[in-house]
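Just so it is clear, none of the values below were taken in a lab; they were calculated from the coordinates. As the structure is a prediction and not an experimental result, all values here were calculated from the model. We place every Cβ from the backbone using ideal geometry, glycine too, and count neighbours over all the protein chains shown.
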Amino acid sequence: MYYNHPPKFPEGFLWGASSAAWQVEGATKEDGRAVSVIDLNSQTKKPFADNSVASDHYHHYKEDVALMAECGFTSYRFSLAWPRIIPTADGKVNEKGIAFYNALIDELVAHGITPIVTLYHYDLPVWVDELGGWKNRDTIDYFEHYCRTCFAAFGDRVKYWLSINEQNMQIVYGDWLGVSKGCEDWFRDKWKINHIMNLCHAKAVLACHELVEGGKIGPVPGMVPIYPETCKPQDQIAAMNMEEFTEKIWNDTYVFGTYSNFVRRYWAENDIDPDIRPGDMELIAKAKIDFFGVNCYRSNVAKDCPPDTAFTELQLNKDGVKGGFVYPQYPGLYEQAANPYVKTTDWDWEIDPVAMRYLLRYMWDHYHLPMVITENGFGAHEDLGADGKIHDQARIDFLRDQIYQVGLAIEDGAEVFGYNPWSFTDLLSTGNGMAKRYGLVFINTTDDDARDLRRIKKDSFSWYSRLIQSNGTIW
Ligand code: BG6
């Protein structure tokens with residue numbers, strides 16, 4: 001529907017930004033933090049090889065929160081590091097880890113900023129991995145102990161919790177995110193791992209409701225809205241297949257507490273046993289989520305891919321030179337294709353604000369649960385200009401257009417209670433370190449040179465601040 005007025009955001013809408021512990025904190029060897037698998041995985045990537053400094057948020061958190069307050073934030077979405085809180089296999093709590101997050105949360109609350117806290121954002125402690133990691137059902141107990149520790153320590157001040165960041169992407173991009181390490185048959189093993197993650201998520205939901213008075217919890221799917229390439233009927237089925245295999249299977253299980261007929265048929269056809277044991281599905285069904293955290297950066301296109309098509313592996317653009325992405329072909333399921341109607345970033349990510357409106361309506365129509373945007377943003381090559389500043393007009397354009405579409409989705413009836421783009425400060429990208437920057441605040445550091453880690457407000461910081469002050473009515 002077209003409206004004859006700009007969209008309006010509800011009173012009390014949460015405006016903030018987002019981050020994740022291993023991408024922003026640094027201090028990986030300080031105050032008892034253990035090593036995580038993502039630390040090791042990152043070291044296999046170029047140019048980024050070390051997250052021991054990152055944005056040094058661990059030592060700059062007060063300054064960072066002061067900047068959030070200056071910008072006018074009313075929320076901040078960040079993650080807790082499991083290896084900082086439970087660094088050893090004996091399950092002992094690291095009080096210094098608890099103290100750091102207590103200090104951060106207190107600082108946020110003192111500035112009127114609502115913490116939205118992710119329990120797990122890719123940083124599995126190496127001690128868990130050595131005991132079998134996501135392949136081992138004991139990990140469910142380790143994870144539950146970690147979650148309960150967090151709820152007990154921070155639940156008096158943190159009321160919005162997020163369970164697992166992008167479980168779907170961890171399965172879809174198992175190799176890229178290090179989850180497939182040690183699996184002999186990833187094609188089948190991933191469904192066992194996914195089931196264990198679903199059980200971990202369920203334990204977190206139940207423990208949150210038990211331990212946090214007034215606590216609300218949801219998962220964080222990584223959402224990429226999918227269009228059929230044409231109105232050819234087979235393209236529509238291909239788009240539905242892609243939607244199932246990249247996101248819908250996960251969301252359906254979170255909300256309906258079952259595995260859909262679609263995925264069960266797929267498992268049967270492909271001789272896949274996800275190792276569902278007695279009591280598992282009852283546990284999953286009991287864990288009712290309160291809302292969805294939604295990560296969305298781009299959109300995708302799918303087209304028909306008949307069974308006799310050659311298999312082509314997806315290749316991510318890993319260096320930020322346009323054209324590096326290779327569209328995959330999955331015979332009998334779907335093929336990905338370029339979208340001639342949208343522009344792309346240097347990493348070939350589609351710049352598609354309308355996808356945001358489509359996604360929020362799609363999620364609302366399917367699940368009728370409130371949503372908070374937990375990630376959305378523009379990754380770019382950036383460094384200080386001759387004037388010592390960052391003029392990131394492209395990011396302003398990106399955010400403005402996306403936020404406008406969030407507003408339209410709200411006008412359309414979707415319940416959305418906050419917007420937290422990725423990211424507040426520059427931080428390490430999953431595969432491109434500081435070479436791919438997302439922040440409203442520049443961090444003066446590079447992958448090769450730590451520099452002085454100075455915080456420098458980008459133009460987008462001032463623009464976003466004005467937008468927040470107007471509750472989303474300046475364009
Ligand atoms: C999300 C992740 O998928 O995308 C973040 O939750 C990640 O951790 C973000 O940083 C952007 O991706 P990338 O690869 O550009 O860092």
query = What's the local net charge at VAL172, with K and R +1, D and E -1, over the other residues with C-beta under 11 Å away?
reply = -2
Cβ-Cβ FRET estimate between ASP90 and GLU70, R0 fixed at 56 Å, reported to 0.05 = 0.85
remark   = One finds the C-alpha centres of region 444-475 and region 56-112 to be spaced, in Å, by 20 Å
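Can you order the peptides 382-395, 437-450 by their average number of other Cβ atoms within 10 Å per residue, highest first?
Details: 382-395: 13.9, 437-450: 20.0.
For the peptides 382-395, 437-450, the packing ranking is 437-450, 382-395.
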ask   = Between THR114 and residues 5 or more places away or on another chain, which pairs have amide H atoms under 5 Å apart, with H built 1.01 Å from N, and which residues are they?
value = SER75, TYR76
ask   = Extent of the chain along each principal axis, from alpha carbon coordinates, in Å, largest to smallest?
value = 57, 57, 43
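Given the pairs LYS181/LYS216; LYS343/LYS436; LYS192/LYS248, which are separated by over 25 angstrom at their Cα positions?
Flagged as over cut-off: LYS181/LYS216.
Report the local net charge at LYS29: Lys and Arg +1, Asp and Glu -1, summed over other residues whose C-beta lies under 12 Å from its C-beta.
Values: positive: ARG33, ARG84; negative: GLU25, GLU30, ASP31, ASP39, ASP50.
Result for the local shell: -3.
Rounded, prolate or oblate: which one fits region 417-471, using the alpha carbon gyration tensor with axes a ≥ b ≥ c (rounded when a/c is under 1.5, else prolate when a/b beats b/c, else oblate)? Walk me through the numbers on the way to the answer.
On the way: a/c = 3.71, a/b = 1.79, b/c = 2.07.
Since a/c reaches 1.5 but b/c is at least a/b, the shape of region 417-471 is classed as oblate.
Which whole-number percentage describes the relative contact order of the chain, with Cα contacts under 8 Å and a sequence gap of 6 or more?
Working: 970 pairs, mean separation 83.6, N = 475.
Reported as a whole number, the value is 18 percent.
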request  = Would you grab the residues whose amide H sits under 5 Å from the one on GLY418? Only those 5+ places off in sequence or on another chain, please, with H modelled 1.01 Å from N.
outcome  = LEU14, ILE373
ask   = So what is the calculated 222 nm ellipticity per residue for the chain, using -39500 (n - 2.57) for each DSSP H run with n of 4 or more, over all residues, to the nearest 500 deg cm²/dmol?
value = -11500 deg cm²/dmol
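Give the peptides 331-342, 115-126 in descending order of average Cβ contacts within 10 Å, highest first. Write out the running numbers ahead of the final one.
Values: 331-342: 16.9, 115-126: 23.8.
Top of the packing list down: 115-126, 331-342.
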Order by protection proxy (mean Cβ within 10 Å, highest first), peptides 309-321, 421-433, 207-219 = 421-433, 207-219, 309-321
request  = Amide H neighbours of ILE226 under 5 Å, at least 5 residues apart or on other chains, H built in the peptide plane: list them.
outcome  = ASN300
remark   = Computed ³J(HN,Hα) along region 169-175: with the Karplus parameters 6.51/-1.76/1.60, θ = phi - 60°, integer Hz and x for glycine or proline, the list is 5, 5, 7, 5, 10, x, 6
message = Explain nothing, just compute: Karplus ³J(HN,Hα) = 6.51 cos²θ - 1.76 cosθ + 1.60, θ = phi - 60°, for every residue of region 107-123 in order, whole Hz, x for Gly and Pro.
response = 4, 4, 4, 4, 9, x, 9, 7, x, 10, 10, 8, 7, 9, 10, 6, 9
note = For region 297-312, Karplus-derived ³J(HN,Hα) couplings (6.51, -1.76, 1.60; θ = phi - 60°; whole Hz; x for glycine and proline) come out as 10, 7, 10, 9, 10, 10, 9, 4, 9, x, x, 8, 6, 6, 6, 10
Summed residue charge, Cβ within 11 Å of GLY332's Cβ, Lys/Arg positive, Asp/Glu negative = -4
